[in-house]
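Structure first, commentary second.
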């Protein structure tokens, strides 16, 4: 997963008080992205590999325990990934005085806040919890229907809302098997994430307001819990179209507009989002996500007429999308409201990216509209869905496994640990006999495992004997690859970069 940068492209503005529907009817679709475009893969300029491999970014993210700046907010306790224990999860950082207090202008008013009350001063959260518990019980008993789901959403919103796109997805688009699994398993898990949001999050997320250089870091589980609340439209004061409160310049993070009847692409976006919930509730990821708002001070604005810098390296391609280029900063110039019309009818570049990477949607909860000298970094958001088409032709394209180098590093470390001499620094360099690790019952990629073991043995300084019993195809094809790499004088680090690209595709 690469860092993604969202930048305000200053598209025509609507009424600032209707941020939730900003720009939905003003899509400008590049004809090259429709049938008028070419399927031919054309490249010009500096080779892509040169830019990716020779200009590799240096990590600028410090260890959490080393950061003392109050503008870097952590919703988790200091956490560092340990390749020896990839199952370890971040733990919530509990701060009692930041639990969604309405008078706290710097933080999100959370669904469970004691200040989230009705006109009669009754707790909204207690009422909503009851609705969610009832729905979850029906899901667990395999009796829940769309009408039950609809009823829970309307109770949580406290008014009638039209849910035509949601109803069509569940009752018409989903197969009987898909509908049964969603209503009994996935929806029950979404209820759990919503009901436990106060425990999972531990504190209210900060608002990243215009003009501020702030960031927030949270676990992927916390993101899932916050987004589960969006499913039931639980965030107070965020769904009003003409809001006059502190959220008037913030997007609407609730899903009510996405649920409304409209273009079929709404249904496809919902399929992406619900697929995300299926994935994370089956196997909750253990990573962290950072959302960072950055402001360029006026004193640092370039004097363009005086900039004498040479032009940069350039690679042009018709064959790749932004999200398919690995190991680079992926930049999206779009709407001043983060996410654009992703939770409405919009379905072009930014909206598609947020649909296939739903963890990005949590930025709508916290990020005020951008000014021309501002940008927002979304770091660590995973991709969960493939897709086909664009705009009106956009469709959910099935599951996408965002294989990061975490998996590669784990396999390399496992091999290297067994290959390295037991006495570090010794010249004990006898050969190693190995074979197709994890490629039988585990259905592993034997070609990939062979290259990984070649790299580990090379790093350990030991010759490799690869016993691929009765596998003539592997022996011949792997040796061709080996000879090519030797002819190119490839090093272990070269192979590592090649595999990073493979895992990013």
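Every number in this text was worked out from the coordinates using simple rules, so none of it is lab data. Everything numeric in this text was worked out from a predicted model, so none of it was measured. So basically every Cβ, Gly included, is an ideal-geometry build from the backbone, and we count neighbours across all protein chains shown.
Cα centroid separation, the stretch 113-142 to the stretch 168-246: 15 Å.
Among 196, 66, what is the fewest-to-most ranking by other Cβ atoms within 10 Å? Could you put the intermediate results ahead of the total?
Working: 196 14, 66 7.
With the fewest neighbours first, 196, 66 line up as 66, 196.
With a/c under 1.5 counting as rounded, go ahead and sort the stretch 252-349 into rounded, prolate or oblate using the C-alpha gyration tensor (a ≥ b ≥ c being the square roots of the eigenvalues; past the cut-off, prolate if a/b is larger than b/c, else oblate). Intermediate results must be reported in sequence, preceding the final value.
Details: a/c = 1.98, a/b = 1.81, b/c = 1.09.
The shape class here is prolate.
Remark: the Cα gyration tensor places the stretch 309-424 in the prolate category, a/c being 1.5 or greater and a/b exceeding b/c. Shown for 323, 40: other C-beta atoms within 10 Å of each C-beta, ranked fewest to most, produce the order 40, 323. Multiplying the residue separation of residue 122 and residue 445 by 0.36 nm and removing their Cα-Cα distance gives an extension gain of 110.5 nm. Taking a ≥ b ≥ c as the square roots of the eigenvalues of the Cα gyration tensor, an a/c ratio of 1.5 or more together with a/b larger than b/c marks the stretch 119-217 as prolate. Placing a label point 7 Å from the Cα of residue 240 along the Cα-to-Cβ line, the residues of the stretch 335-372 whose backbone N sits under 19 Å from it are 365-369. Label sites at residue 94 and residue 472, each approximated as a point 7 angstrom past Cα along Cα to Cβ, lie 6.6 nm apart.
Quick one: if the Förster radius is 30 Å, what FRET efficiency do residue 50 and residue 480 give, using the C-beta to C-beta distance and rounding to 0.05? Can you show the working numbers first?
On the way: r = 25 Å, r/R0 = 0.83.
So, using R0 = 30 Å, E works out to roughly 0.75.
Modelled label positions at residue 87 and residue 68, each set 7 Å beyond Cα in the direction of Cβ, lie 3.8 nm from each other.
Can you sort 263, 407 by how many other beta carbons sit within 10 Å, fewest first? It would help to have the intermediate numbers written out before the result.
On the way: 263 17, 407 12.
Exposure proxy ranking, most exposed first: 407, 263.
Using a Förster distance of 22 Å, how high is the FRET efficiency between residue 134 and residue 159, based on the Cβ-Cβ distance and rounded to 0.05?
Efficiency for this residue pair is about 0.70.
Simple spin-label model, 7 Å along Cα-to-Cβ: residue 462 to residue 300 in nm? Going from the residue 462 label point to the residue 300 one covers 4.9 nm. Computing FRET efficiency as 1/(1 + (r/R0)^6) for residue 282 and residue 43, where r is the C-beta to C-beta distance and R0 is 41 Å, gives about 0.60.
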